[in-house]
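S.K.: Mind having a look at this structure? Questions to follow.
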Amino acid sequence: MIAVSERAYLDQSWHEILDVFDKMNCEHLASIYATLTFLYSDTRREYHNLKHIYDCLKLLDRAEFPIDRKFDIRIAIWFHDAIYNFCPGHDELMSQELLISSLTISACPNLSKISADYLSDGALFTDIDLSILGSEPEVYDIYSQAIMNEYNNFHPIPIEGSPISENALNDILMAGRVKFLQGMLSKESIFNTYRFRQEFEKLARENMTRELDRLNEALTRP
């Protein structure tokens, strides 16, 4: 659930986009905003929701970055998880297509660059999106549980008689999460930019190592 003050901040963020796109039909942009907020308000989303967008935008505000590029990244933040069905890769592609179909190239000359930036791991955008990994342990634990809950929300427990059991589905989820954590921890640096490495790297590694140990123990339990 997003707080009233956080929703007001999101409204203001979108109004700033409206100000730049003053040549576009305001009703069209209002419709896009309604669509985005509807998508991010899906109750199955326990992490990839409006609160995640709010947190990303607040971090972007703190970043020392040229104001014109901040605008580009703000748009990328709004769209990057717009389509979310817990299908990595496909979700991002569909979100990019929504971005392109929503905002015309003529109204946004840098649109193709924005899309390429966030799909090719643009440094600041990626660091902002992954910053939750370096949050305080209690916040991280809420996030990791929310990811597990999202998987179950988008992949409901099989009905009785299904060839795939509930325990098997949980094992699949945990194994996938283990693969993600191992991949992140194998990187020389989780974060791309100096500021994010200084602020989040150490805690991110501690958080993910703790979760990885817990998942490995659960997977090897009889």
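S.K.: Going 7 Å from the Cα of ASP42 toward and past its Cβ, which residues in the stretch 66-96 have a backbone nitrogen under 18 Å from where you end up?
M.R.: 77-96
S.K.: Take each of the peptides 74-80, 171-177, 36-42, average the number of other beta-carbon atoms within 10 Å over its residues, and list them starting from the highest.
M.R.: Details: 74-80: 23.0, 171-177: 14.7, 36-42: 16.3.
So the peptides 74-80, 171-177, 36-42, ranked by packing, come out 74-80, 36-42, 171-177.
S.K.: If you plug each phi of the stretch 73-83 into the Karplus form 6.51 cos²θ - 1.76 cosθ + 1.60 with θ = phi - 60°, what whole-Hz ³J(HN,Hα) values come out, in order, with x for Gly and Pro?
M.R.: 5, 4, 5, 4, 4, 4, 9, 5, 10, 4, 9
S.K.: Collect residues whose amide H, placed 1.01 Å from N in the peptide plane, falls under 5 Å from the amide H of ILE83; neighbours closer than 5 in sequence don't count.
M.R.: SER95
S.K.: Let me ask you something else. Can you list the HN-Hα couplings for the stretch 41-53, worked out from phi with the Karplus curve (6.51, -1.76, 1.60; θ = phi - 60°), rounded to whole Hz and with x for Gly and Pro?
M.R.: Ordered by residue, 3J(HN,Hα) equals 8, 3, 5, 6, 7, 9, 10, 7, 10, 4, 5, 5, 4 Hz.
S.K.: Residues of the stretch 2-18 with the amide nitrogen closer than 13 Å to a label point 7 Å from the Cα of ILE142, along Cα-to-Cβ, please.
M.R.: Residues passing the 13 Å test: 2-3.
S.K.: ASN192's amide H: which non-local residues (gap 5+, or another chain) put their own amide H closer than 5 Å, with H modeled 1.01 Å from N in plane and none for Pro or chain starts?
M.R.: ASP127
S.K.: Let me ask another. For the pair LYS202/LYS58, report the inter-label distance in nm, with labels modelled 7 Å from Cα in the Cβ direction.
M.R.: Placing both labels 7 Å along Cα→Cβ, they lie 2.3 nm apart.
S.K.: Output wanted: per-residue J couplings in Hz (rounded whole) for the stretch 124-133, from phi through Karplus 6.51 cos²θ - 1.76 cosθ + 1.60, θ = phi - 60°, x for Gly and Pro.
M.R.: 5, 4, 4, 4, 4, 4, 9, 4, 4, 4
S.K.: Please compute the modelled spin-label separation between ASN85 and ARG195, points set 7 Å along Cα→Cβ, answer in nm with one decimal.
M.R.: For ARG195 paired with ASN85, the spin-label model returns 3.7 nm.
Each value in this text was obtained by applying a stated rule to the coordinates, not by laboratory testing. Just so you know, these numbers come straight off a predicted model, no measurement behind them. As a convention, Cβ positions derive from the backbone with ideal geometry for all residues, glycine included, and neighbour counts pool all protein chains shown.
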